[in-house]
Amino acid sequence: MADRKARVERNTLETQITVEIDLDGTGKSSFDTGVPFLEHMMDQIARHGLVDLTIKATGDLHIDDHHTVEDIGITLGQAFKQAVGDKKGIRRYGHAYVPLDEALSRVVIDLSGRPGLVMDVPYTRGSVGGFDVDLFSEFFHGFVNHSMVTLHIDNLKGQNTHHQVETVFKAFGRALRMAIEMDERMAGIMPSTKGSL
Ligand SMILES: [Mn+2]
């Protein structure tokens, strides 16, 4: 199997971002973004997705976290798409339910080649760890628009905002892991009747 790795650098006047990803990693991560709560969440993607992730970002945090968070989502999406490659032999679909105490989230992903995000997370607070929870949808929009995946995110239960968000990211990592896994019965086969994705 070819290496499923990518390195993407994306520079704008607002942010400078580098993402390195290895889809067949062991869950190692290293972040230097200036946005600690997002780093805590991306750590969940790496750990539960079993992907290695290195992300460096310099952004206009003196304004707010918005550009940096959205652009990390975009750059991660670009790197993910590149690393996934032609999708031959992979499962394509992934899903996971993850609880954390009172909170429960479900994430379903399709490496469809089409961007789409349906996200329903009734946050109980507007911010967590100094982080504006609005920005999570910016992050995921950036990701789906550039990775070309369909993503359904539902927080089904939860009182504590940290738990709500953490279950979303853990379930995202788990769903991702399932979707990119090689299916031994699909070796060399494109998981689509169209013949391409
Ligand atoms: Mn936590």
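Residue-wise test of (1) more than 16 Å from the ligand (Cβ to nearest atom); (2) buried (at least 18 other Cβ atoms within 10 Å of the Cβ); (3) under 25 Å from Asp134 (Cα atoms).
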residue: Asp3; (1), (2), (3): yes, no, no
residue: Ala6; (1), (2), (3): yes, yes, no
residue: Asn11; (1), (2), (3): yes, no, yes
residue: Thr33; (1), (2), (3): yes, yes, yes
residue: His40; (1), (2), (3): no, no, yes
residue: Ala46; (1), (2), (3): no, yes, yes
residue: Gly49; (1), (2), (3): yes, yes, yes
residue: Asp52; (1), (2), (3): yes, yes, no
residue: Ile55; (1), (2), (3): yes, yes, yes
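Kindly indicate whether any position in the range 129-144 is in contact with a strand residue (DSSP E or B) (Cβ under 7 Å, 6 or more places away or on another chain) and outside any helix (DSSP H, G or I).
yes
Being among the charged types (D, E, K, R), touching a helix residue (DSSP H, G or I) at 6+ places or on another chain (Cβ under 8 Å) and farther than 16 Å from Met41 by Cα is the filter here, so list the residues in the range 64-87 that pass it. Can you show your working first?
Pass one, the range 64-87, residues among the charged types (D, E, K, R): 64-65, 70-71, 81, 86-87.
Adding the requirement that they be touching a helix residue (DSSP H, G or I) at 6+ places or on another chain (Cβ under 8 Å) leaves 65, 70-71, 81.
If the condition is that a residue be among the charged types (D, E, K, R), touching a helix residue (DSSP H, G or I) at 6+ places or on another chain (Cβ under 8 Å) and farther than 16 Å from Met41 by Cα, then Lys81 is the only one that fits.
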(request) Looking for whichever is surrounded by fewer than 21 Cβ atoms within 10 Å (Cβ to Cβ) and within 10 Å of Ala171 (Cβ to Cβ) here; the options are Leu104, Leu117. Which one fits? (result) Leu104
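Here is a list: Val133, Val128. Which entry is touching a Gly at 6+ places or on another chain (Cβ under 9 Å) and within 16 Å of the ligand (Cβ to nearest atom)?
Details: Val128 fails: touching a Gly at 6+ places or on another chain (Cβ under 9 Å).
So the residue among Val133, Val128 that is touching a Gly at 6+ places or on another chain (Cβ under 9 Å) and within 16 Å of the ligand (Cβ to nearest atom) is Val133.
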(message) Just to check your reading of the model, which residue among Gly142, Gly158, Gly129 is on the phi < 0 side of the Ramachandran plot, small (Gly, Ala, Ser) and touching a helix residue (DSSP H, G or I) at 6+ places or on another chain (Cβ under 7 Å)?
(response) Gly142
(request) Kindly indicate the residue of the range 152-185 that is part of a strand (DSSP E or B) and surrounded by fewer than 22 Cβ atoms within 10 Å (Cβ to Cβ) and also farthest from the ligand (Cβ to nearest atom) among those meeting that condition. (result) Met182
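Residues Ser127, Ser112: which one is surrounded by fewer than 18 Cβ atoms within 10 Å (Cβ to Cβ), among the hydroxyl-bearing types (Ser, Thr, Tyr) and over 18 Å from Val165 (Cβ atoms)? I'd like the intermediate steps shown before the answer.
Values: Ser127 fails: over 18 Å from Val165 (Cβ atoms).
One residue alone meets the criteria, Ser112.
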(message) Checking Ile189 against (1) closer than 19 Å to Leu50 by Cβ; (2) β-branched (Val, Ile, Thr); (3) surrounded by fewer than 18 Cβ atoms within 10 Å (Cβ to Cβ), only one condition comes out false. Which one?
(response) (1)
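Values quoted throughout were computed directly from the atomic coordinates according to the rules given, and no laboratory measurement underlies them. Source: prediction; values computed, not measured. When we count neighbours, we look across all protein chains shown, and the Cβ atoms used for this are built from the backbone with ideal geometry, even at glycine.
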